[in-house]
Every structure is written in C-alpha cells, then in structure tokens.
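Shown next, in structure tokens, is the structure this report addresses.
Read-outs throughout are calculated quantities, based only on the coordinates presented, and are distinct from any laboratory measurement. Small disclaimer: the values here were computed from a predicted structure and weren't measured. Neighbour counts are summed over all protein chains in view; Cβ atoms, including those assigned to glycine, are modelled from backbone coordinates with ideal geometry.
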Amino acid sequence: MCGRYALEAPRSQLSRRFALDECVDFPARYNIAPASEIAVIRQSPVGERVLHLLRWGLVPHWAKDPAIGARLINARGESLSEKPAFREAFRRRRCLIPASGFYEWQRTAAAPGPARKQPYYSSLKSGETMAIGGLWEAWTMPSGEILRSCCIVTTAANELLQPIHARMPLILAAEHWPAWLSTSVADARALIRPFPAVAMQTWPVSPRVGRSSEDDSALTAALGKEEES
C-alpha cells in the first residue's frame, strides 16, 4: 500500500507541468498521511484541468458513514471494476495526485528481537513531480454539504521497488494523463502497470517519517545525511 508521500512543488510549478486551468494554493508537505486534505487534479465537465483539495480516504457515494474512508486510502488497480467501493469512481471519476515522491516500508530482520521496518523514499530520477493515478468521489453529508474524497490506485511493484514492497502507486507518464482523466475505461485499464524502474530512484530515510506529526524536508533525505547536517 501507499500510506505516506511528499509534495513540495509550488502552485506555479504544478500549473505549468500539468497545464492547469485552476489551482488552489497549498504549502509544501513532506509527510502527507491519510485523512489529510491533499492536492488532486481532475477534469471538469467542460474539459478543464483543475487542482482542488480533497480528503485522502475514499467515501463512496452510497456510504452510510464517512468513517469508511479510513479503510479506502488505496485501491488495487487489478480489481477496480469488481469492487463496489471503487467500480463507479473508476468508470467516471478518475484523477491525478501530484507527488514529489512516496514512502514505503521494508520489513527487516532484527537480531535479536522482532522484525522492524525501514522506510524508503522513492521519486523520479528526473526530479519532476510524478502523477499518481487516483479515484475520487462525492458524498452528501446529513447537513447537505458535499464531502469530496479520493484514494490512490496501486499496482505491482517494479524491479527497483520489489525488494522493499510488493506494491507501488500507479505512476502515469505525461502522455497518459489525458487517457486516465477521460471517460474511456478501456484506455484507463490499459495504463494499470508498474512504472519503469529505470526512471526511478529510491533510498532509505529516517524512521521519523513514521510519525505523522513530523513534517520537514529532512524526511526525504537519504539516511545518514540528516545526521551529518
């Protein structure tokens, strides 16, 4: 699963990279956790690309309680058309979630003692902001207000990330953004595959990232560099 990521690109940079017609402002964040309001790119009914803040943790439109979102932060790409929680959103409400990089934890054997987990940070070698495939939904609260929420689509890990974790976020190349945001399910399904390992990089980072209260740029630094600085 993908449970933490970072986004440090300013609004102006995201507007250029994703050709946005509208973009809300937001601060750089280095330890984004579920239940946060996160930057999400959607295609409006008139075809514009807009970036708004949605809650991370999908609440299906038929849900009786928004608490279900805590269990729906990720969606397995291979079964989107089968799962009731994701089926309708996959058909009609796909989105892009911009990220500078994401964290994943590798289980390591400790001797003596129980197994521990070492966090790793993964990003694009190019240094560009990646586009993670996502789904979004709108849920009507008892008050009549609309709660817009989202989740990250995952796929099998590529060769670089397999030693760390079996899954990775669905990362989409720029030429595939229009197909993912369009209404064609067949085109979108064809894009659900691991991103090329050769275009990515990863390194171990401080265990501090496991605490959601921690949020600073040193979290993405390779383990050791933070201690030397």
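Show the residues, 5+ positions off or on another chain, whose built amide H is closer than 5 Å to the amide H of Ala75.
Ile152, Val153, Thr154
Give me the orientation-averaged projected area of the Cα convex hull of the range 4-228, in nm², one decimal.
One quarter of the hull surface, i.e. the mean projection, equals 13.8 nm².
Going by C-beta contacts inside 10 Å, put Ile41, Ile97, Ile192 in order with the fewest on the left.
Ascending Cβ contact count within 10 Å gives the list Ile192, Ile41, Ile97.
Neighbouring Cβ atoms within 10 Å as the yardstick, rank Met168, Met200 fewest first.
Neighbour counts put them in this order, fewest first: Met200, Met168.
Between Leu53 and Arg208, what FRET efficiency follows from the Cβ-Cβ distance if R0 is 22 Å, with the result rounded to 0.05?
0.30
Taking 45 Å as R0, compute the FRET efficiency from the Cβ-Cβ separation of Ala138 and Ala222 and round it to 0.05.
That pair, Ala138 with Ala222, gives E of 0.65.
Expressed in nm to one decimal, what extension gain is obtained for the pair His61 and Glu145 from 0.36 nm per residue of sequence separation less their Cα-Cα distance?
Roughly 29.0 nm would be gained on extension.
Could you give the dipole magnitude of the chain about its Cα centre, charging the beta-carbon of Lys and Arg +1 and that of Asp and Glu -1, in debye to the nearest 20?
Result for the chain is approximately 620 debye, rounded to the nearest 20.
Order by neighbour count: Cys150, Cys2, Cys23, fewest other Cβ atoms within 10 Å first, most last.
Sorted ascending by nearby Cβ count, the order is Cys23, Cys2, Cys150.
On a C-alpha basis, how far is the centre of the range 8-51 from the centre of the range 77-146 in Å? Whole number, if you could?
16
Using only DSSP helix segments of four residues or longer, with each worth -39500 (n - 2.57), what per-residue ellipticity at 222 nm results for the chain after dividing by its residue count and rounding to 500?
Value at 222 nm, helices only, nearest 500: -3000 deg cm²/dmol.
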